[in-house]
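The next block holds one structure in the form of structure tokens; read it before the comments.
The values are calculated or read from the model by the stated rules, or taken from the named source; none is laboratory data. Model, not experiment: these values are computed from the prediction. Reconstructed Cβ throughout: ideal geometry from the backbone, glycine too, with neighbour counts over all protein chains shown.
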């Protein structure tokens, strides 16, 4: 696989999976905190966007330490991607309107809520795992257990973004 194809694979997984665990540093210490968020991958901008609330701790954590990890998991398809990058919280009303969808009403009354912010992640590195699917992987693992052979469980690559 070429570098370009690996990058495409990463962005395809981000687009397909959509929900991720955003991992930030908890304050000034070494503790990490993860929370599920709806990701909006914009490969043309080399950016992953999230809507966030300025009143929540993750925004403060990012201001102290902007290094984040965004982990995507599709357990049913046995596909995963972990993205490392830097995050910024911005008040971009046009981007809020662009990213807004009806599911956001679970958190805010409307896209005009003044507490909504855009969390922008600029990826620097990613690692992905893409298997041939749950059934095929299960069969390969069972066969490997019986024969002692190492199973081919799909593709795993580290990718600079």
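Each residue in the stretch 73-85 was checked for being over 12 Å from residue 34 (Cβ atoms) and crowded, with 19+ Cβ neighbours inside 10 Å, and 5 pass. Among the residues of the stretch 39-59, those identified as surrounded by 12 or more Cβ atoms within 10 Å (Cβ to Cβ), out of contact with any helix residue (DSSP H, G or I) (no Cβ under 7 Å at 6 or more places or on another chain) and in contact (Cβ under 8 Å) with a residue 24 or more places away in the chain are 46, 47, 50, 53, 54, 57, 58, 59. Taking the criterion of being within 22 Å of residue 53 (Cβ to Cβ), at pLDDT below 95 and exposed (fewer than 13 other Cβ atoms within 10 Å of the Cβ), the residues of the stretch 19-38 that qualify are 28, 31, 32.
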